[in-house]
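Written below as structure tokens is the structure these notes are about.
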Amino acid sequence: MSNIINILTLTRIFIATVIFILLMTPDGYFLALILFFLAGITDYFDGYLARKYNAVSQLGEILDPIADKILILFVLFGLAINLSSYLIGFIGAIIITREIWVGALRDLNARNGKSDATKVTFLAKIKTSVQLFTLSIYLLGLTINNMLIIVIADIFLFISLFITLYTGLIYT
């Protein structure tokens, strides 16, 4: 069962690269939106199945958040390029910086036998959910060609940024 769960997680990484490519052409927006929701479903099911069948593994615990980050970053950068948005690119760079920082803190704590100090918090899960919701708004706006929805997504991007920075501060 853990192999199936890890395949679901790895599928999310593959989907992220496909979405990035699809964002380079207006003909790909709708498929990118559908694949993004499919990636979200894989995120739900890999966690659900791991808990239901008690198939939680160290590899899965490491891969799952990495797959989430790869999905978020590929879509953020695809959107930044597509929309020629320095704002999305800059916020994406800040999000990457926070993820590298928290990853380094986790590594440091693991080396010192304090892994619990940087365990994933509920607020960090909310952060990921807000990021994914924000990206879905962007993808919807592109799909239906509505710039007002893109502006709404920009507002959610700032909310996402503040939660991202706050959780990074908590881990620090």
(request) Check off (1) open to solvent by less than 50 Å² (accessible area, probe 1.4 Å); (2) under 30 Å from Thr143 (Cβ atoms) for Ser57 and give me the number that stays unchecked. (result) (2)
(message) Looking only at residues that are free of Cβ contacts under 8 Å to residues at least 24 places away in the same chain and open to solvent by 70 Å² or more (accessible area, probe 1.4 Å) in the range 114-132, which one is farthest from Pro65 (Cα to Cα)?
(response) Lys114
(request) Kindly indicate which of Ile7, Ile41 is within 14 Å of the chain's Cα centre (by Cα) and of a type outside the set (Asp, Glu). (result) Ile41
(request) From (1) open to solvent by 30 Å² or more (accessible area, probe 1.4 Å); (2) free of Cβ contacts under 8 Å to residues at least 60 places away in the same chain; (3) in a helix (DSSP H, G or I), pick out the condition that doesn't hold for Ser84. (result) (3)
(request) Could you grab me the full set of residues in the range 110-133 that are at pLDDT below 90 and in a helix (DSSP H, G or I)? (result) Ala110, Ser115, Asp116, Ala117, Thr118, Lys125
(message) Checking Asn145 against (1) part of a loop (DSSP other than H, G, I, E, B); (2) surrounded by 12 or more Cβ atoms within 10 Å (Cβ to Cβ), only one condition comes out false. Which one?
(response) (2)
(request) Could you check Val56 against (1) under 22 Å from Arg106 (Cβ atoms); (2) modelled with pLDDT under 90; (3) outside any loop (DSSP other than H, G, I, E, B) and say which number it fails? (result) (3)
(message) Given (1) part of a helix (DSSP H, G or I); (2) modelled with pLDDT of 90 or more; (3) farther than 14 Å from Leu132 by Cα, identify the lone condition not met by Phe45.
(response) (2)
(message) When you check Pro65 against the structure, is it over 14 Å from Leu79 (Cβ atoms) and open to solvent by 30 Å² or more (accessible area, probe 1.4 Å), yes or no?
(response) yes
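Would you mind finding the one in Leu31, Leu135 that is open to solvent by less than 20 Å² (accessible area, probe 1.4 Å), among the aliphatic types (A, V, I, L, M) and out of contact with any strand residue (DSSP E or B) (no Cβ under 6 Å at 6 or more places or on another chain)? Break it down stepwise before answering.
On the way: Leu31 fails: open to solvent by less than 20 Å² (accessible area, probe 1.4 Å).
The conditions single out Leu135.
The values are calculated or read from the model by the stated rules, or taken from the named source; none is laboratory data. It should be emphasised that the depicted structure is a prediction, and the values quoted were computed from it without experimental measurement. Virtual Cβ from ideal backbone geometry, glycine too; neighbours counted across all protein chains shown. Keep in mind that these areas ignore ligands, DNA and RNA; they rest on the heavy atoms of the full protein, side chains included. Shrake-Rupley method; radii C 1.70, N 1.55, O 1.52, S 1.80 Å.
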